[in-house]
Every structure is written in C-alpha cells, then in structure tokens.
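Engineer: Sharing a structure with you now.
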Amino acid sequence: MRKFMIAGVSSNVGKTTVTMGVMRALVQSGYSVVPFKTGPDYIDPMFHTFVTDVPSTNLDTWMLGDETTKHLFYEKLQDDSVAVVEGVMGLYDGHSRENDVGSSAYLSEVLDCPVFLVIDGRGMAKSAAAMVKGYAEFKSSINLAGVIVNKIKTPSHYALLKEVIETYAGVPCVGYFPETKDITMNSRHLGLIPVDELAGLKQQVDRAAEVAKAHIDLERMLSLAAFHEKPPVIQDPFIPYANRYVGKTIAYAKDKAFNFYYQDNLKALKTLGCKLEPFSPLTDSELPEKCDALYLGGGFPEVFADELEKNEAMRLNIKNALKSGLPCYAECGRFIYLTRQVTDLQNQSRQLVGFYDMTCIMTKRLQRFGYVQVAATFGSQQLAINAHEFHHSQMKQGSEEYPHLYSVSKGERNWVDGWIHHNTLAGYPHLHFYANPLWLIALLDHAFAD
C-alpha cells in the first residue's frame, strides 16, 4: 500500500491540475489509485472520480475528528492501493489560528502521510528555497517528502529552482509542471466548474497525465509513499444501526444542477438499509414512484434557473408531495430550489418550487463561508454537529413565517437556520453525517415515525 498528499503553499498554485495529472498517470500505468480530498469541498472530488473512476472521499478533521477520519480513509484501501490525497488552500490553513485542525498539514499527521508541496515557480530563484524551507521547518512533525514546481516556462528555470531548493531547504524536488495553455480549470463563484459541465475534460486530463509522466518522477514519489500495514481504526459508527430502515426508499436529486453529496453520506444511508433512487429536477417530470423521503443536496440552482423554471411538471410534483407530508431534508442549493423564486445579479427572477414562501436573492459577496456549529433539539435529544457553509445568497421572507430547528454559531456570532415546513427541514449548512451519526438517526427516526 502507498499513500501521499499533494498540497499547496496557497490556493491557486495549481494543485488540482497537478493532482489530476499524477492520478491519471498512475492509473494509466496500472496502479489502483484511491482518491481523497482534504476538507469539505464537493467539486474537486468530482474531478478525482472522473480521473480515476473511483469515488473520492472527503476527509475533514474538523468536522469528523481524528478517529472517524482515519476510519473513512483506511476502509477504502486494499493491499495494492495508492491513496492520493489532495490538500486544501495552503498547507497550514485550517479551522483557526490556535491550532491546525482542518488543515492539510494536520490531516497528513493524522494519516501519517508524506506531503508533496506544490509551489508556483514563476518569478522566483533563490527565494523559492526560502519559501520551501519555511514550510518544511514551520512544523517539524510534517513529513515534507518533496516539492513539485508548477508553471515553469523552461527546463533551465526548473533546474535552477531544483538546485537552490535542495541545497538550501534540504527538500528534494520530484519534478515540475510546465506552463501550458491547453490545461485550464475554469472557476466561478463556488470554485471550479463541476465535471458535468465541462466539454473536453478527458483531453485535458490526458494531457495533464502526459505532462506528469514526462516531468515528474512518479516512481520516486511512490517509493517515498510506501507503507505496509493499516493501523487499527474504529468500527463504522453506523454499523450498530445497520438495516434500521430496511424497506425505505429515499429519492435524491442528482444532475448538473444538484450534485453536492459526500459519498460517505450516501454510504451511511445504505448501511442503514435505505434504498437510494436518483432523479433529475432538470429533466424528470415527477419523483420516483413509492419514495418514502427526499434527500436534496446542494448545487447550482441559480446557474440552471431557466431550465428549472421550464420544468414546471417537476416543480409542481415536488411541491404537492411536500405539502402532502413527504419527509424531506434539503441543503443550501436545494433549499433555494424549494423557495418561490431566485433573483440573480441582474435582478432577473425565475420561478422555483414555491414550497417555501421565500425569495432567494443572489449576491456578489459571500454571505457566509467556513465551518459552523449547528445545534438542534430532536424530541428529548439535544444534538450538535460540526458543519460547513458557503453561499452567495440571502433569503427574503414572504408573508408566511416558519419555525427554525437550527441554532448556528461561528466564533462569537450566532444565528438561526433550518426552516421547518410540514415534514421538510431545509437550510444553508452542509452536513457530513459521520460528524454525528446520532443526528442522522434522529432525522430518519422522525421522518419514518409511524
């Protein structure tokens, strides 16, 4: 077995492109690559899955804790696996200034995983050595195994950077990515544009693999990443509740507009005995037959508002089903979809489901971004869960008021969220069910109560 992390000195140094190239090159060379993503991001794992044809797993030490994180990592690995973990932001950027929890560096410690640091080599010579030396010595417990230099124009420039980094920082350079215009990952307000919306992605991925094979010492990376045995880990926390909801079918929205799901959330529902049925709010005219509940993950309803508005049959079908009491849990983008309308930055409005008498107003600035703590009372149970928010929108209340289930906090700030209407709970926070398994059990017990 082998494991390593590809992390960056900061965001936007090209670590996703480098990660895709390395993953694809290893797959093409016959290795069994298992992809992972540091933190709560939904979009990068879609690229990993596209590149490797293996579902990518989110590993978030702040939301999940150390032991659950290790369980979710090692349960995916076999004897011939090569685990490739993509970092998030800069190597040491995490939940707070007080500690490293949530950061790539902290995850590398939890997993005992060597790190290959991606730097942007443009406009630097000896300064690159000072930067790498700082990252290497900032925390001695981090296994900084090597450096990959990105955006290099000439082989001679890389040779210079390699010499100074290895001489003055004492960290080996394992290769570089040349500056190429035919590998471009476009972004919008929530990060990279998802896989399903990109034409020609396979050609870009194959090109990135060619670059990795030509300019990175993959065998050296693998030799530095070898380990022999999995450490002991905790049991899956949903096993004690296995098959609790056998016979129940949960329909979940899955298409270009809505595709923000942690793969382990879906796995947890299957462990609990639920049957999962995907459907598309863009192209289907009605919900799957005989579904017992809806799980509506996040996505980009504002981007696909025209298509969603035109599919009036589905909008009406969902509205009537929810008004009839069908249990539903909706996050962020799907919460937006359940409102009356969305108004974009040009002040153009599109009609949505209309189950909640609210208007979603898109904003240029992020309204909330980062980790939050969510508390709620389920019957006699008071439960808390670490979660994440990331949205460019605000809700304008209509004439009807809805009770709130969530009390949300971030540092000293507090607010309410989690609007309840009939048997639907909808709000902005994104939840990872493994952050508190009892939270999901409480939701489903309420949904399927006789």
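The values are calculated or read from the model by the stated rules, or taken from the named source; none is laboratory data. Keep in mind that what you see is a predicted model, and the values were worked out from it rather than measured. Every residue, glycine as well, gets a Cβ built from its backbone with ideal geometry; the counts of neighbours run over all protein chains shown.
Engineer: List, please: which pairs have Cβ atoms under 7 Å, are six or more places apart or on different chains, and start with a residue in the stretch 303-315 that is in the same structural domain as Leu287 (by TED's automatic domain parsing) and crowded, with 17+ Cβ neighbours inside 10 Å and end with one that is of a type outside the set (Gly, Ala, Ser) and part of a helix (DSSP H, G or I)?
Structural biologist: Cβ pairs passing all conditions: Leu308/Tyr337.
Engineer: So, one more: In the stretch 95-112, what count of residues is obtained for those that are within 14 Å of Lys3 (Cα to Cα) and either of a type in the set (A, V, I, L, M) or surrounded by fewer than 24 Cβ atoms within 10 Å (Cβ to Cβ) (or both)?
Structural biologist: Residues that pass the stated criteria total 5.
Engineer: How about the stretch 165-269: which strands (runs of 3 or more DSSP E) wholly inside it have at least 1 residues that are at pLDDT 95 or above and within 30 Å of Ser285 (Cβ to Cβ)?
Structural biologist: 249-253
Engineer: Which of (1) crowded, with 17+ Cβ neighbours inside 10 Å; (2) touching a helix residue (DSSP H, G or I) at 6+ places or on another chain (Cβ under 7 Å); (3) farther than 30 Å from Tyr241 by Cβ; (4) at pLDDT 95 or above is the odd one out, the single condition Ser285 does not satisfy?
Structural biologist: So the condition that Ser285 fails would be (1).
Engineer: Which of the numbered conditions does Ile361 fail, given that it passes all the others? Conditions: (1) under 24 Å from Lys248 (Cα atoms); (2) out of contact with any Gly (no Cβ under 8 Å at 6 or more places or on another chain); (3) not polar (S, T, N, Q).
Structural biologist: Only one criterion is unmet by Ile361, namely (1).
Engineer: Follow-up question, since we're still on this one. Check the stretch 374-392 and report whether any residue there is at pLDDT 95 or above, more than 23 Å from the chain's Cα centre (by Cα) and closer than 22 Å to Tyr295 by Cβ.
Structural biologist: Yes.
Engineer: Looking for whichever is outside the structural domain of Phe73 (by TED's automatic domain parsing) and modelled with pLDDT under 95 here; the options are Tyr428, Tyr434. Which one fits?
Structural biologist: None of the other options fit; the residue is Tyr428.
Engineer: Quick one: what pairs do we get from the stretch 99-114, first residue on the phi > 0 side of the Ramachandran plot, second β-branched (Val, Ile, Thr) and modelled with pLDDT of 95 or more, C-beta under 8 Å, 6+ apart or different chains?
Structural biologist: Gly102/Thr61
Engineer: Okay, next question. Would you check if Ile385 is closer than 25 Å to Ile43 by Cα, in contact with a His (Cβ under 9 Å, 6 or more places away or on another chain) and surrounded by 18 or more Cβ atoms within 10 Å (Cβ to Cβ)?
Structural biologist: yes
Engineer: Considering only residues that are in contact (Cβ under 8 Å) with a residue 40 or more places away in the chain and surrounded by fewer than 19 Cβ atoms within 10 Å (Cβ to Cβ), which ones fall in the stretch 152-171?
Structural biologist: Tyr168
Engineer: Given the criterion over 23 Å from Ala387 (Cα atoms) and either touching an Asp or Glu at 6+ places or on another chain (Cβ under 7 Å) or modelled with pLDDT of 90 or more (or both), identify the matching residue among Glu302, Glu307.
Structural biologist: Glu307
Engineer: Further question on the same structure: For the stretch 58-156, list the helices (runs of 4 or more DSSP H) that sit wholly inside it and hold at least 1 residues that are farther than 23 Å from Met221 by Cβ and under 17 Å from the mean Cα position of the chain (by Cα); which are they?
Structural biologist: 61-64, 66-74
Engineer: Could you say which residue among Met89, Met124 is buried (at least 17 other Cβ atoms within 10 Å of the Cβ) and at positive phi?
Structural biologist: Met89
Engineer: Could you check, for the stretch 415-433, whether at least one of its residues is outside any strand (DSSP E or B), crowded, with 21+ Cβ neighbours inside 10 Å and in contact with a helix residue (DSSP H, G or I) (Cβ under 6 Å, 6 or more places away or on another chain)?
Structural biologist: Taking every residue of the stretch 415-433 in turn, at least one turns out to be outside any strand (DSSP E or B), crowded, with 21+ Cβ neighbours inside 10 Å and in contact with a helix residue (DSSP H, G or I) (Cβ under 6 Å, 6 or more places away or on another chain).
Engineer: Then there is this: Within the stretch 45-57, take every residue that is surrounded by fewer than 24 Cβ atoms within 10 Å (Cβ to Cβ) and outside any loop (DSSP other than H, G, I, E, B) and give me the one that is nearest to the chain's Cα centre (by Cα).
Structural biologist: Selected residue: Pro45.
Engineer: Another one. Which one is farthest from the chain's Cα centre (by Cα) among residues in the stretch 247-276 that are within 15 Å of Tyr329 (Cα to Cα) and surrounded by fewer than 18 Cβ atoms within 10 Å (Cβ to Cβ)?
Structural biologist: Selected residue: Thr249.
Engineer: What single numbered condition from (1) touching a residue at least 40 places away in the same chain (Cβ under 8 Å); (2) surrounded by fewer than 18 Cβ atoms within 10 Å (Cβ to Cβ); (3) within 28 Å of Lys213 (Cβ to Cβ) fails to hold for Glu67?
Structural biologist: (3)
Engineer: Pick from the stretch 362-373 the residues that are at pLDDT 90 or above and of a type outside the set (Ser, Thr, Tyr): which of them is surrounded by the most Cβ atoms within 10 Å (Cβ to Cβ)?
Structural biologist: Val372
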